[in-house]
1. Sorted from fewest to most neighbouring beta carbons within 10 Å, what does the list 94, 99 look like?
2. Can you tell me the alpha carbon radius of gyration of the range 85-198 divided by the globular rule-of-thumb value 2.2 N^0.38 Å?
3. For the pair residue 198 and residue 180, how long in nm is the line joining their label points, each one 7 Å along Cα→Cβ?
4. Treat the count of other C-beta atoms within 10 Å as a stand-in for reagent exposure and order 100, 119 from fewest to most.
5. Given R₀ = 22 Å, what would the calculated FRET efficiency be for residue 88 paired with residue 170, taking r from the Cβ atoms and rounding to 0.05?
6. Based on the Cβ-Cβ distance of residue 190 and residue 133, what FRET efficiency does E = 1/(1 + (r/R0)^6) give at R0 = 22 Å, to the nearest 0.05?
7. May I ask for the equivalent-ellipsoid semi-axes of the range 106-145, computed as the square root of five times each C-alpha gyration tensor eigenvalue and listed largest first in whole Å?
8. For a label point 7 Å from the Cα of residue 97 along Cα→C-beta, name the residues of the range 114-152 whose backbone N is under 17 Å from it.
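Please treat every number below as a calculation from the coordinates, not as lab data. This structure is a prediction, so every number in the text was calculated from the model and none was measured. When we count neighbours, we look across all protein chains shown, and the Cβ atoms used for this are built from the backbone with ideal geometry, even at glycine.
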Amino acid sequence: MKPEKQPFSQPRRRRPAERSVRAVSLLLCLGIAGGLVLPACTIPRPEAAAPRPPRVAEATPVSFPRTYDLSRPGARDFRIPQSGCFTCHPSDGKGISGKIPPLAGSEWVNGREDRLIRILLCGLRGPVSVSAVFYPGDRSMPAFGRPGFDWSDQRIADVLTYIRAAWSNEAAPVTPEAVARVRARVVGHREWTAEELLRIR
């Protein structure tokens with residue numbers, strides 16, 4: 001006797017309520033997973049702090065270049081203030097083409113000390129020729145021996161001794177006594193011109 005065939009079984013159909021429950025469960029799972037993953041992707045990470053710029057030191061006096069020989073007679077170890085020579089003259093002594101005459105190799109620096117003392121005490125205005133190069137004198141040199149700067153005889157002697165011995169210069173040192181003698185002669189004198197200085201004998 002043949003066994004009876006089982007009637008073909010149809011797949012069980014889920015009721016609408018069951019389908020809704022499964023859909024809600026699936027959405028909840030995706031939502032939880034998304035809450036864990038998305039923030040890590042969408043929240044921007046704090047940017048690395050920008051490096052701080054190097055701290056700029058306050059203006060300090062300029063030391064002598066090493067070319068200055070402190071063992072020479074009359075030489076003293078001191079510092080030139082920022083408001084002095086290097087405000088206009090480059091520290092390499094070469095000057096600025098067409099504007100600021102050089103100090104290195106200058107006949108004015110290496111020549112007669114009394115003329116140089118007069119320039120520092122009273123200032124210089126107008127055109128000047130240095131090492132056969134003409135400078136129109138658009139900028140006047142200030143008077144360091146007058147109120148405002150009021151440099152002492154010792155400081156002027158120090159500065160002039162320095163520029164007469166630095167770089168390629170090899171002139172004799174200047175003493176404070178020499179500065180004092182010239183100062184006594186030029187009291188109240190206005191700024192010198194190159195023409196006036198060259199007439200001094």
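1. Exposure proxy ranking, most exposed first: 99, 94.
2. Values: Rg = 13.0 Å, N = 114, 2.2 N^0.38 = 13.3 Å.
Computed over Cα atoms of the range 85-198, the ratio equals 0.98.
3. Rounded to a tenth, the inter-label distance reads 3.4 nm.
4. 100, 119
5. Numbers: r = 24 Å, r/R0 = 1.07.
With a Förster radius of 22 Å, E is 0.40.
6. Numbers: r = 26 Å, r/R0 = 1.16.
For R0 = 22 Å, the calculated efficiency reads 0.30.
7. 17, 15, 5
8. 130-136
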